[in-house]
Amino acid sequence: MTQRPTDNPLQETVPMPGSATSPTATSAWAELQDMAHATARAAVVEHFHADSQRAERYSLRCDELLLDYSKNRIDDAVLSALLRLAREMALPDKIRALFVGAAVNTTEKRPALHMALRGSATLPAEQQHLLNSAIDSQHEKTRIVSEQIRTGQWRGLTGKAITDVINIGIGGSDLGPKMVCTALREFAHPVIRCHFVANVDGAEIQRMLRRLDPETTLVIIASKSFTTHETRLNAETTLDWFREKLGIDAPQSSSHFIAVTENSREALAFGIDPQRIFQLWDWIGGRYSLWSSIGLSIAIAIGYDNFRQLLAGAKRMDEHFLYAPLEQNMPVILALLGIWYRNFLKAETHAVIPYCERLGHFITYLQQLDMESSGKSVSAAGDAIDYPTGTIVWGQTGTNGQHTFLQLIHQGSHLIPVDFIGFIEDSLSTPRHHQALMTHLLAQSAALMVGTTGALPSYRHQPGNRPSNTLLIQKLTPFNLGMLIALYEHKVYSQGVIWNINSFDQWGVELGKVIAGQLLADRADNSAALDPSTRRLLGLISGSDS
Ligand code: F6P
């Protein structure tokens, strides 16, 4: 259980507006089921022949981000039925509810206000004021501390400036900052390196510590709950390393340690100096937290002004999501396409292929965002649901994916919609390489759609009609990355509204934590309660069985 801080500015929340019902009870659902048979089988290339404007009509732009969704198995009738489904499920009301701070997280009875961190929540004036001052104070602390570290004013115990920052956290306390720091390395500080430790695999942390100098290393313990086992153990191992190398008693109370948490009581008990604790709140979900002080490592890596640019880009997408009509609303269109494939064309997975190596961590980031949010089998009201929810998100950067899994997408028996992501310019690359990279992106999306024609042996035949979106972005800047991340955040929320699920809890990860906790507490005592397979494996690992 996480503790509620007393200075939480959001004690009162607006209830979530009443939901329609099950999406399967809407009239649009039945229409879409009928359409699935005919439209899904129609060749997308034929739609292009019939409509010379299709590429333009099925494209949306938000500043430097263009979504081309023309290569999907849809026509105007499907699109308008999907939009009707969104309206029947009250999506416009639910979008406003999200921004106004309604308790969209129904099981934990709280709002999800990550948009407030980028200045785009629309709460009643008094609440907004309280919220803004809480957020501003933490952002200001991020600015001051990141600048002190970047300029060498922040000193370690022996008076040396910081050269290495270790972010110890897992899930949302790791994936967002790691993904952003990797993606935006063009903007990185020339000397300071940021490292990310998440897994409890000791070989990894030991390997990293061996390469670092404790005198110039700063540790950020990033944990909303401050109780996550992996993070605690990695933090303790790092403490031992400081103790041993610097010969001091309580390194955690020194300038080598910062904590970012909602649970300041636990951070204090761990010995972190109160001045070096950054505050989180319960209305920021772990997987939505990179915009908060969890983004401290980002601000250290790319500078606070660039961190603000990231937030500004997300704000731009928030405004688009909040105000654009549904039919021109990029997150909504992506969500509806996802629903079309998942619920009507029965696709179980969705591949994301960024043609940019720096976006390698983006897929893992999206996996948590999407699968932790949408992996649910009960409605927001707690009733069992009888339609599929959630999509398995996976992928790899291009062109590497072309030499691993794309064969299956081209010729296999699964239907796997793809999001291709590419950049028009890349100042870190050379014109020759970048042109080659983008040519491959276009070749893949075209090949998936058109397939092969003419007389070919069957094993060479590519059926085509395999759907994809292309997100074409001018450059990989902090602003554009902010837009891209917020685009997927809002896509995930929109899908959750249509599925009538709570996108903001993750109770499914609890049981494994409980069993691990029991086993760690006392292996022998607890083994009797285990199932026979797990008991035997435990015996083999602990050496009591052979
Ligand atoms: O994986 C479960 C989870 O609770 C995520 O939602 C969260 O991002 C992660 O663990 C880390 O939690 P914490 O920040 O509290 O350490």
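Annotation: A351 fulfils all but one of (1) closer than 26 Å to L481 by Cα; (2) assigned to a helix (DSSP H, G or I); (3) not β-branched (V, I, T); the unmet one is (2). Is it the case that L406 is touching a strand residue (DSSP E or B) at 6+ places or on another chain (Cβ under 7 Å) and either more than 16 Å from the ligand (Cβ to nearest atom) or hydrophobic (A, V, I, L, M, F, W, C) (or both)? No: the conditions fail for L406.
The residues listed here are H414, H461, H433; of these, the one that is in contact with a Ser or Thr (Cβ under 6 Å, 6 or more places away or on another chain) and surrounded by fewer than 20 Cβ atoms within 10 Å (Cβ to Cβ) is H461. Of the candidates T231, T227, T238, T217, the single residue that is surrounded by 19 or more Cβ atoms within 10 Å (Cβ to Cβ), of a type in the set (S, T, N, Q) and within 14 Å of the ligand (Cβ to nearest atom) is T231.
Comparison of I258, I248 shows that the only residue that is over 20 Å from the mean Cα position of the chain (by Cα) and at pLDDT below 95 is I248.
What about F270, is it at negative phi and buried (at least 24 other Cβ atoms within 10 Å of the Cβ)? Judged against the criteria, F270 is not a match. Answer yes or no: is there a residue in the range 432-449 that is in contact with a Pro (Cβ under 6 Å, 6 or more places away or on another chain), farther than 22 Å from K491 by Cβ and not in a strand (DSSP E or B). No - not one qualifying residue is present in the range 432-449. Within the range 165-206, being among the charged types (D, E, K, R), free of Cβ contacts under 8 Å to residues at least 24 places away in the same chain and either not assigned by TED's automatic domain parsing to the domain that holds H229 or not in a helix (DSSP H, G or I) (or both) holds for one residue alone: D201.
Against the list (1) surrounded by fewer than 24 Cβ atoms within 10 Å (Cβ to Cβ); (2) within 16 Å of the ligand (Cβ to nearest atom); (3) among the aliphatic types (A, V, I, L, M), the condition I258 fails is (1).
Name every residue in the range 297-311 that is of a type in the set (A, V, I, L, M, F, W, C) and touching a Pro at 6+ places or on another chain (Cβ under 8 Å), in order of residue number. Those that are of a type in the set (A, V, I, L, M, F, W, C) and touching a Pro at 6+ places or on another chain (Cβ under 8 Å): I298, I302, F307, L310. For the range 140-160, enumerate the residues that are under 25 Å from G482 (Cα atoms) and touching a residue at least 60 places away in the same chain (Cβ under 8 Å). K141, T142, R143, V145, S146, E147, I149, R150, listed by residue number. The residue that is farthest from S133 (Cα to Cα), among those in the range 283-308 that are within 13 Å of the ligand (Cβ to nearest atom) and in contact with a strand residue (DSSP E or B) (Cβ under 8 Å, 6 or more places away or on another chain), is G285.
For the range 516-525, the condition of being assigned to a helix (DSSP H, G or I) and under 30 Å from V332 (Cβ atoms) holds for none of the residues. Of the residues in the range 191-200, at least one is surrounded by fewer than 20 Cβ atoms within 10 Å (Cβ to Cβ), within 16 Å of the ligand (Cβ to nearest atom) and not small (G, A, S).
With respect to being assigned to a helix (DSSP H, G or I), modelled with pLDDT of 95 or more and exposed (fewer than 14 other Cβ atoms within 10 Å of the Cβ), Q495 falls outside the description. When the range 244-291 is filtered for residues that are assigned to a loop (DSSP other than H, G, I, E, B) and among the polar types (S, T, N, Q), the ones remaining, listed by number, are S254, S255, N263, S289. Each residue in the range 6-65 was checked for being assigned to a strand (DSSP E or B) and at pLDDT below 95, and 1 pass. In summary, K491 fulfils each of the numbered conditions (1) of a type in the set (K, R); (2) over 30 Å from S379 (Cα atoms); (3) within 20 Å of the chain's Cα centre (by Cα) with the single exception of condition (2).
The values are calculated or read from the model by the stated rules, or taken from the named source; none is laboratory data. Note that the structure is predicted; figures quoted are calculated from it, not measured. Glycine gets a Cβ as well: all are built from the backbone with ideal geometry, and neighbour counts include every protein chain shown.
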